[in-house]
Amino acid sequence: MKLVTMADWHLRSTPPTIRKDKDFHLAQTKKVQQIVDIANDNDAILVIPGDLFDSVRVGYQLVYSVMEKFRDVERGVIITGGNHCVYFHNPDIVTSPLGMLNYLDNVTVLDGQMEVDGVVFTGAFFEQEPMKPVEGKINILVYHVSVYEKEVPFFMEGRAFTAKSLKRKYQGFDYYCTGDIHIPFTDGSIVNSGSLIRDNVNHVDYEPRVYLIDTDEDTVMPVFIDIDKDVFNSISKDTDLDDSEYAIELDKLIASMKTTQDIPKYDDVCLELAKDDDEVTTIFKETFDELRQSA
């Protein structure tokens, strides 16, 4: 069996302030179509471990556009809920745009287990505990959970896993398709794809990718998504955010903020720290706006 997996698409009805696309809706749907084409070209199931949408309040036009694209996925789509695309981490999807997608015959919003051609998929929403794997089967965990490759940053301690600790806690799965932390990595069994939408200043040179998993060959390969050039508003040339340790830590902090409902814990502090850096201030303000919309 082949799978194409990517979490954290964060499709949204309004463009990030840092983007200057003339038609941001079209920019997003082009990428959705490319991922659908990759799945179909490889005869693969499309697996999305949470946060397909950036908010439960996305517009009908966007949801309908995604439904149009997804109904063409020949092998079907499996989705779990993240902390952005369902209300208050509630697995009841009736109040979420995922509820509309679930009406498509080839889309399954998975909260539990399903078997496809001898492969058992176990889906778990954000902050849920997944079911145990089924003995004698190939088992794939599809989980919106915070996981880092080697080290959990201090501000995520107690709320995130390393690749090693995730596999230690949830043993018996052959593959772990995860989302939530927007830093891509794979160790061969854990596949954390990173995010799709480039929505902040240190994403200028970021290359979104899906991962193609072949369970028969036991291989995991990245497939990169085409990106448009010159879609960002003016960026300071004095601050090298792209490759610096500062950029990496900024990404981690934003990921942390997006996994908590305690907005006041960060708001004033972050904006004070960033007051001399317009680009970082913009990033924080967008993040707080998204959190309030999701609350």
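Side notes on the structure shown:
- Residues satisfying the stated conditions in the range 114-132, i.e. under 18 Å from the mean Cα position of the chain (by Cα) and of a type in the set (Gly, Ala, Ser): GLY123, ALA124
- Residue tally, condition surrounded by 21 or more Cβ atoms within 10 Å (Cβ to Cβ) and either without any contact (Cβ under 8 Å) to a residue 24 or more places away in the chain or closer than 13 Å to PHE125 by Cβ (or both), over the range 139-156: 5
- Near pairs, Cβ below 6 angstrom, 6+ apart or cross-chain, from the range 104-126 (under 18 Å from CYS85 (Cα atoms) and assigned by TED's automatic domain parsing to the domain that holds LYS137) to any residue that is of a type in the set (Gly, Ala, Ser) and at pLDDT 95 or above: LEU110/GLY123; ASP111/GLY123
- Within the range 68-103, the residues that satisfy the criterion of being of a type in the set (Ser, Thr, Tyr) and either touching a residue at least 40 places away in the same chain (Cβ under 8 Å) or touching a strand residue (DSSP E or B) at 6+ places or on another chain (Cβ under 9 Å) (or both) are THR80, SER96.
- Residue selection: VAL191 satisfies the criterion of being at pLDDT 95 or above and either under 26 Å from MET1 (Cα atoms) or part of a loop (DSSP other than H, G, I, E, B) (or both).
- Matching residues in the range 157-185 - criterion: being surrounded by fewer than 16 Cβ atoms within 10 Å (Cβ to Cβ) and not polar (S, T, N, Q): GLU157, GLY158, ARG159, LYS164, ARG168, LYS169, GLY172, ILE183
- Annotation: of all residues in the range 133-174 being part of a helix (DSSP H, G or I), of a type in the set (A, V, I, L, M, F, W, C) and more than 16 Å from GLY188 (Cβ to Cβ), the one that is farthest from the chain's Cα centre (by Cα) is PHE154.
- Note on the range 186-207: residues that are over 11 Å from the mean Cα position of the chain (by Cα) and over 17 Å from ILE140 (Cα atoms) amount to 10.
- Hits in the range 71-129 (condition: basic (Lys, Arg) and touching a helix residue (DSSP H, G or I) at 6+ places or on another chain (Cβ under 9 Å)): ARG75
- Restricting the range 124-144 to residues that are of a type in the set (A, V, I, L, M) and modelled with pLDDT of 95 or more, the residue that is nearest to TRP9 (Cα to Cα): VAL142
- Within the range 1-29, the residues that satisfy the criterion of being closer than 30 Å to ASP43 by Cα and surrounded by 20 or more Cβ atoms within 10 Å (Cβ to Cβ) are LEU3, VAL4, THR5, MET6, ALA7, ASP8, TRP9, HIS10, LEU11, ARG12, GLN28.
- Tabulated pairs, the range 203-220, first farther than 19 Å from ILE45 by Cβ and in the same structural domain as TYR176 (by TED's automatic domain parsing), second surrounded by 13 or more Cβ atoms within 10 Å (Cβ to Cβ) and among the acidic types (Asp, Glu), C-beta under 7 angstrom, 6+ apart or interchain: VAL204/ASP242; ASP205/ASP242
The values are calculated or read from the model by the stated rules, or taken from the named source; none is laboratory data. Everything quoted here is computed from the prediction, not taken from an experiment. Methodologically, a virtual Cβ is constructed for each residue, glycine included, from the backbone with ideal geometry; neighbour enumeration extends over all protein chains shown.
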